[in-house]
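Engineer: My questions will all concern the structure given below.
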Amino acid sequence: VGSEMCIRDRMHSHTKDGYELHLIDDGKGILDTENGRYDLSKNILYITGPNVLHKQTPDFADPMHELCIYLEIPKSKKSDRAFELFTSRPFWIGKSNAAIRHIFKIMLEENNSDEFLKESILSSLTIRLIVEITRLYYPTETSPVDLLTSSDLNESRSWILDQLLLEDCSNVTLEDF
């Protein structure tokens, strides 16, 4: 987790498990990738994953300030559905939302502190951030049932029953089930 003024003059990329999350907090600039050029301004979020060559060039009249998080996603996490969806896009750029900006700022504060359980808090916030970013990637996903495509039929049935049992079931009959 970091906060920096952006002045990069060469394209760079990350390892096979590396992802960099860039949130432009202020200022303007240009993002160059192998496949295009993008304007950067306040509240733009972009993700660069493995082998995505990229560089930033600030607007010297209004230089960028970014909040940046570097993640290494281990193979064990890639089987988690949220991480699977997150890693399905090695490059993404778009507008951030209030939830993501808030999580970035809390992570930055937490990273700069020496508070008790810092690592646990950062880990939890990272998972929440991955979920929020994945929701930006797939804005039309509305039903959690759709996310069960990799599950077997019995697991899907169990999930549906669990969801039903979370609600008030005092009037539910065996026939209803």
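The values are calculated or read from the model by the stated rules, or taken from the named source; none is laboratory data. Just so you know, these numbers come straight off a predicted model, no measurement behind them. Positions of Cβ are generated from backbone atoms using ideal geometry, with glycine treated the same way; all protein chains shown enter the neighbour counts. Surface areas here come from the heavy atoms of the whole protein model, side chains and all, with no ligands, DNA or RNA. Shrake-Rupley method; radii C 1.70, N 1.55, O 1.52, S 1.80 Å.
Engineer: So which pairs qualify, if the first residue must be in region 90-119 and over 21 Å from residue 29 (Cα atoms), the second must be of a type in the set (Asp, Glu), the Cβ gap must be under 7 Å, and the two must be at least 6 apart or on different chains?
Structural biologist: Within 7 Å, the pairs are 99/132; 103/132; 118/110.
Engineer: Related question: Looking at 44, 73, which is the one that is out of contact with any helix residue (DSSP H, G or I) (no Cβ under 8 Å at 6 or more places or on another chain) and closer than 18 Å to residue 137 by Cα? Can you show your working first?
Structural biologist: Values: 73 fails: out of contact with any helix residue (DSSP H, G or I) (no Cβ under 8 Å at 6 or more places or on another chain).
Matching residue, one of 44, 73: 44.
Engineer: Another question about this same structure. If a residue must be under 15 Å from residue 89 (Cβ atoms) and basic (Lys, Arg), how many such residues does region 58-78 contain? First the steps, then the outcome.
Structural biologist: Kept after step one, since they are under 15 Å from residue 89 (Cβ atoms), are these residues of region 58-78: 71, 73, 78.
From what is left, the residues that are basic (Lys, Arg) are 78.
Going through region 58-78 one residue at a time, the tally reaches 1.
Engineer: Give the residues of region 102-126 that are of a type in the set (Lys, Arg) and open to solvent by less than 70 Å² (accessible area, probe 1.4 Å), sorted by residue number.
Structural biologist: Of the residues in region 102-126, the ones of a type in the set (Lys, Arg) are 105, 118.
Once the filter is applied, which keeps residues that are of a type in the set (Lys, Arg) and open to solvent by less than 70 Å² (accessible area, probe 1.4 Å), region 102-126 yields only 118.
Engineer: If you scan region 2-30, which residues turn out to be under 24 Å from residue 122 (Cβ atoms) and modelled with pLDDT of 90 or more?
Structural biologist: Passing the criteria: 18, 19, 20, 21, 22, 23, 24, 25, 26.
Engineer: Check region 70-80 and report whether any residue there is within 16 Å of residue 131 (Cβ to Cβ), under 13 Å from the mean Cα position of the chain (by Cα) and open to solvent by less than 50 Å² (accessible area, probe 1.4 Å).
Structural biologist: Of region 70-80, the ones within 16 Å of residue 131 (Cβ to Cβ) are 71, 73, 77-80.
From the residues that got through so far, the ones that are under 13 Å from the mean Cα position of the chain (by Cα) too are 71, 73.
If we keep only those that are open to solvent by less than 50 Å² (accessible area, probe 1.4 Å) too, we end up with 71, 73.
The answer is yes; a qualifying residue exists.
Engineer: Considering only residues that are in contact with a Gly (Cβ under 8 Å, 6 or more places away or on another chain) and over 21 Å from residue 50 (Cα atoms), which ones fall in region 77-110? Steps first, please.
Structural biologist: Step one: list which residues in region 77-110 are in contact with a Gly (Cβ under 8 Å, 6 or more places away or on another chain), which gives 87, 89-91, 108.
108, the sole residue that qualifies.
Engineer: Just give me the residues in region 58-69 being crowded, with 20+ Cβ neighbours inside 10 Å and part of a strand (DSSP E or B), in sequence order. Break it down into steps so the answer makes sense when it comes.
Structural biologist: So the first thing to find is which residues in region 58-69 are crowded, with 20+ Cβ neighbours inside 10 Å, and the list is 64, 66-67, 69.
Of everything in region 58-69, those that are crowded, with 20+ Cβ neighbours inside 10 Å and part of a strand (DSSP E or B) turn out to be 66, 67, 69.
Engineer: Of everything in region 48-57, what is open to solvent by less than 10 Å² (accessible area, probe 1.4 Å) and over 16 Å from residue 94 (Cβ atoms)? Give them in sequence order.
Structural biologist: First pass over region 48-57, keeping only residues open to solvent by less than 10 Å² (accessible area, probe 1.4 Å): 48-49, 54, 56.
Residue satisfying the conditions is 56 alone.
Engineer: Which of the residues that make up region 10-26 are among the charged types (D, E, K, R), more than 11 Å from residue 51 (Cβ to Cβ) and open to solvent by 70 Å² or more (accessible area, probe 1.4 Å)?
Structural biologist: 10, 26
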